[in-house]
1. Read phi for every residue in region 25-34 and hand back ³J(HN,Hα) as whole Hz from Karplus 6.51 cos²θ - 1.76 cosθ + 1.60, θ = phi - 60°, with x for Gly and Pro.
2. Please list 3J(HN,Hα) in residue order for region 179-194, calculated via the Karplus relation 6.51 cos²θ - 1.76 cosθ + 1.60 where θ = phi - 60°; whole Hz, with x for glycine and proline.
3. Where in region 327-341 is the amide nitrogen less than 17 Å from a point lying 7 Å along the Cα-to-Cβ axis of ALA371?
4. At R0 = 30 Å, how high is the FRET efficiency between GLN156 and VAL287 if r is their beta carbon distance? Nearest 0.05 is fine.
5. On a 21 Å Cα-Cα criterion, which of the cross-link pairs LYS165/LYS266; LYS32/LYS159; LYS80/LYS386; LYS266/LYS355 come out too long?
6. Can you tell me how region 13-387 classifies by the Cα gyration tensor, rounded, prolate or oblate, using a/c under 1.5 as the rounded cut?
7. Would you please classify the overall shape of region 134-234 from the alpha carbon gyration tensor, given that a ≥ b ≥ c denote the square roots of the eigenvalues, rounded means a/c under 1.5, and beyond that prolate means a/b larger than b/c while oblate covers the rest?
8. Taking 7 Å along the Cα-to-C-beta vector as the label spot, tell me the TYR99-LEU341 distance in nanometres, rounded to one decimal.
Amino acid sequence: MASKEIVPHYPTQNDENFVRDSLHQLFSASIKYCRYLGLTIFSLNSRGELYFGFFTIPFILVNLRFLSITLAILYFHFNKDKFDLIYPERSKTERLAQYFVSCTMMIGDFLCTFCTILLNRSKIIRFHQNLAEFLVKAVGPLTEANKQVIKSIIPQALKILGRYKCILISAFCYSVVAGYISVFNAFITSGKPWQWWSHTIVGIPLFNIFWAAVSTLRLFPRILMITLFHTFSFCPYILNMQLEKVKKVEKVDDEDIRRLLSYFRKEGELTAQMNDAYGWCLAVDVVLIIISIITAVFSVVVFLVHKELGAAITFGVPLIIHVAILFELFNSAYGFESEILMQQAMLLSQPFAVKPGSFFHANRRTLTGIASAINTYVIVLVQFHKEE
């Protein structure tokens, strides 16, 4: 019986084009909307690479967004008496919870963007460059059948991202409509003359649009992070296919072994680079999403107790979106870790994992712990509310 040998295959221009096109397809779907909303400082070129420059459109839009947040907070402060008529508060706990969620939603993106601009900008760009180079080298030895499998994964990832994009835009439209109904209902039923409302007749509806964007569209960068995890999962997936191919071969030379081990070490380096580049930002993101979920759950419970269904739905929509994004964020990271676990059985006893800031593992086990913590704090808030 003739023994089979692995035929060395080096990456060609077609392999590089395949990888670059795949990266461009995946990231362009998310970065485009993040740029328009002033939620990212990065741009994407035709090769699927991130780049950054001062006085570029993303950087200018990010600064304009920070300015709009500041103006919105000042506008709310100087017109609080009119906002109190539209959104009455019944207890100190409820008021504190709503202030808390407002601060996390408005300031959260500023903190994350601040981290990426000043701390990790160069690390993020370097990580994406290294990821693209690694994928180009790793795709080279694959067969056409393996490449077709990877091509089939890309539409699935784009479908998930497109679904969340539609959900976020729909939630934004609903929040705007629900807010307008509350505002004009207050205008009509308050008994105050139109002169008393003055400029807030225009200002409060505009503030409502801003709040709807802050509570829904601000989650677009999280879709970008989900895209990153889906893309990064290609690394262990490709290597696993090559390992399976090696297992079926009777004769494997030293060059093939060195190549596979080199890929595996590079995969570990990329994992460390990703945790270093996105770790703090992802950790802050997760904490802010958890705070938003806790306060949104509490607000929904309070409104339901007072039988205000419209207000409960207004807070319930962002709540559902935050929960869905948090689940998809950890689930996509779990997809990467599950591929690594397959390699663990073949090569190592210590798997690589997504560890935001080296504080915790981003996987489904952590997700259940977060759900338990959210439930505990919501119960505490409800108890304080009852005592008041």
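Every read-out reported here was derived from the displayed coordinates using simple, explicitly stated rules and does not represent laboratory data. Being a predicted model, the structure only gives us computed values, none of them experimental. Methodologically, a virtual Cβ is constructed for each residue, glycine included, from the backbone with ideal geometry; neighbour enumeration extends over all protein chains shown.
1. After applying 6.51 cos²θ - 1.76 cosθ + 1.60, I find 4, 5, 7, 5, 5, 9, 5, 4, 6, 4 Hz.
2. x, 5, 4, 5, 5, 6, 5, 5, 4, 7, 8, 6, x, 7, x, 4
3. 327-335
4. On the way: r = 30 Å, r/R0 = 0.99.
It comes out at approximately 0.50.
5. Going by Cα-Cα distance, LYS165/LYS266; LYS80/LYS386 fall outside the 21 Å limit.
6. On the way: a/c = 2.75, a/b = 2.04, b/c = 1.35.
It comes out prolate by the Cα gyration axes.
7. Details: a/c = 7.47, a/b = 4.25, b/c = 1.76.
Prolate, because a/c is 1.5 or more and a/b exceeds b/c.
8. Rounded to a tenth, the inter-label distance reads 4.4 nm.
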